[in-house]
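To start, the structure itself, in structure tokens.
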Amino acid sequence: MYNFDYVKPASVADAVAALQGEDAQAIAGGQTLIATMKQRLAQPRTLVDLTGITEMQGISVDGGVVSVGAGARHAEVAGSAEVRGAIPALADLAGKIGDPQVRNRGTIGGSIANNDPSACYPAAVLGLGATVVTNAREIAAADFFQGLYTTSLNEGEVVTAVKFPVAAAASWQKFEQPASRFSLVGVFVAKVEGEVRVAVTGASEEGVFRAAALEQALASDFSAAAVEGASVSSAGMIADLHGTPDYRANLVKVMTKRAVEAMS
């Protein structure tokens, strides 16, 4: 490691002010940032610790919306009675992230702000059509994720909460890479406000995306057979030692079929 300043603000306003400093970087669970700092891939001069901000904590359900504070740990979401009662698939997703150490340190805000192409939470955010709340505005899920490790967050903007609409039904299916426990392919299928949404993570070079062909097939026939008859292109899919683009394209269909079967 190397020398850096460390500040722990007590409010969102103080955090935003601290992030205006040169080379300042927000840290929540630190599951990605600490590792990149150790490798000198990131070298912020100041770490702004968000874990002490009460405004960014808490989980609540009101009017068909589940609000999760950005500082909520994965384990909190997985164990929340409110989440399990309103959107069981979201609790299921959180409970399958990483290992116990990661789940008890990592946060939902950190996960979506980092937007790793194989992270789990972005699939739930996009699949449920959630709204990302920041210190400055509210951002629709469709506008938030903008490619590999890229979001619509401005410099110094902080995610404070995520609002998930309660789905009529939803399922999360994850084919994980056993060493990292990231999604080799993860699929979140949801019926929200009369439409079928299929969000995929871990498969594309551009990060999380909605599988339009599968959504169209399921909109007219919500069945595993409809998924089997749909086409998923391998163009732009990740190619690495864990799988070819064709392999990942096929896994998208397999995981979607499992999700549909679980919801039937």
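Loop sites only, by DSSP: take the trypsin sites (Lys or Arg not before Pro) in the chain that have at most 14 other C-beta atoms within 10 Å and name the longest stretch containing none of them. With trypsin sites (Lys or Arg not before Pro) excluded where exposed in loops, the chain gives 138-264 as its longest stretch.
If you plug the beta carbon distance of Ala212 and Val166 into 1/(1 + (r/R0)^6) with R0 = 22 Å, you get a FRET efficiency near 0.40. Could you tell me whether region 54-205 comes out rounded, prolate or oblate from its Cα gyration tensor? Rule is a ≥ b ≥ c as square roots of the eigenvalues, rounded for a/c under 1.5, then prolate if a/b exceeds b/c, otherwise oblate. Rounded shape, in that the Cα axes give a/c under 1.5.
The mean sequence separation of alpha-carbon pairs under 8 Å and at least six residues apart, normalised by the residue count of the chain, gives a relative contact order of 15 percent. Entry for region 5-49 at q = 0.15, 0.29 Å⁻¹: log10 I(q)/I(0) = -0.34, -1.05, Debye formula applied to identical alpha-carbon scatterers, no solvent contribution.
With a Cα cut-off of under 16 Å and a minimum spacing of 8 residues unless on different chains, the lysine pairs in the chain number 4.
Mind running the shape call on region 169-263? Use the C-alpha gyration tensor, a ≥ b ≥ c as the square roots of the eigenvalues: rounded below 1.5 for a/c, prolate if a/b tops b/c, oblate otherwise.
Taking the square roots of the gyration eigenvalues as a ≥ b ≥ c, region 169-263 is prolate.
With the convex hull of the Cα atoms taken as the outline of the chain, the averaged projected area works out to 13.5 nm². Where Lys and Arg each count +1 and Asp and Glu each count -1, what net charge lies around Thr107 among other residues with Cβ under 12 Å from its Cβ? Taking every other residue near Thr107 into account, the sum is +1.
Bear in mind that the values in this text are calculations on the coordinates, not laboratory data. Just so we're clear, the structure is a prediction, and the values are computed from it rather than from any experiment. Glycine gets a Cβ as well: all are built from the backbone with ideal geometry, and neighbour counts include every protein chain shown.
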